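Contents: one structure, followed by commentary.
The values are calculated or read from the model by the stated rules, or taken from the named source; none is laboratory data. The shown structure was predicted, so the numbers you read here are calculated from the model rather than taken from an experiment. Positions of Cβ are backbone-derived with ideal geometry, glycine not excepted, and every protein chain shown enters the neighbour counts. The protein model used for the area step is the full one, side chains on, heavy atoms only, and it has no ligands, DNA or RNA in it. Shrake-Rupley method; radii C 1.70, N 1.55, O 1.52, S 1.80 Å.
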Amino acid sequence: MYETLRTRVEDGTYPPDSRVPSIVQVAEEFNVAQVTAQKALKALRAEGYTYTEPGIGSFVRGK
């Protein structure tokens, strides 16, 4: 799941400054618990692929 999301960022499926799918959306798409989806999205942020605007959401970091 994390690898798929990272690939989507890297190949432009999720373009820079676009909103990242929510925890609920990721959990539903990959049929996992929300806590698992949250960990994957947190890893993307920790590795610099995304950034979070408090109260707004998470977005793909531009290059």
Charge dipole of the chain about the Cα centre (unit charges at C-beta), most positive-ward option of Ile23, Leu5, Pro54: Pro54
Sequence-distant residues sharing a close amide H with Thr50 (under 5 Å, placed H): Arg45, Arg61
Heavy-atom accessible area per residue of the chain, all protein chains kept, 1.4 Å probe, expressed in Å², is 65
Between helix 34-46 and the chain, what is the angle of the helix's C-alpha long axis to the longest principal axis, kept within 0 to 90° and rounded to the nearest 10? 20
Report in % the part of the accessible area of region 11-62 that belongs to carbon and sulfur, leaving out ligands and nucleic acids; probe 1.4 Å. 51
Ordered by residue, what ³J(HN,Hα) values in Hz, to whole numbers, does region 18-24 give under the Karplus form 6.51 cos²θ - 1.76 cosθ + 1.60, where θ = phi - 60° and Gly and Pro are x? 7, 6, 7, x, 6, 4, 4
Name the residues of region 1-32 whose amide N is less than 19 Å from a point 7 angstrom out from the Cα of Ile56 along the C-beta direction? 14-23
Got a sec to turn the phi values of region 52-58 into Karplus ³J(HN,Hα) couplings, 6.51 cos²θ - 1.76 cosθ + 1.60 with θ = phi - 60°, whole Hz, x for Gly and Pro? 10, 9, x, x, 10, x, 10
Using a 10 angstrom cutoff on alpha carbons, build the Gaussian network for the chain and name the most mobile of Ala37, Ala46, Ala27. Ala46
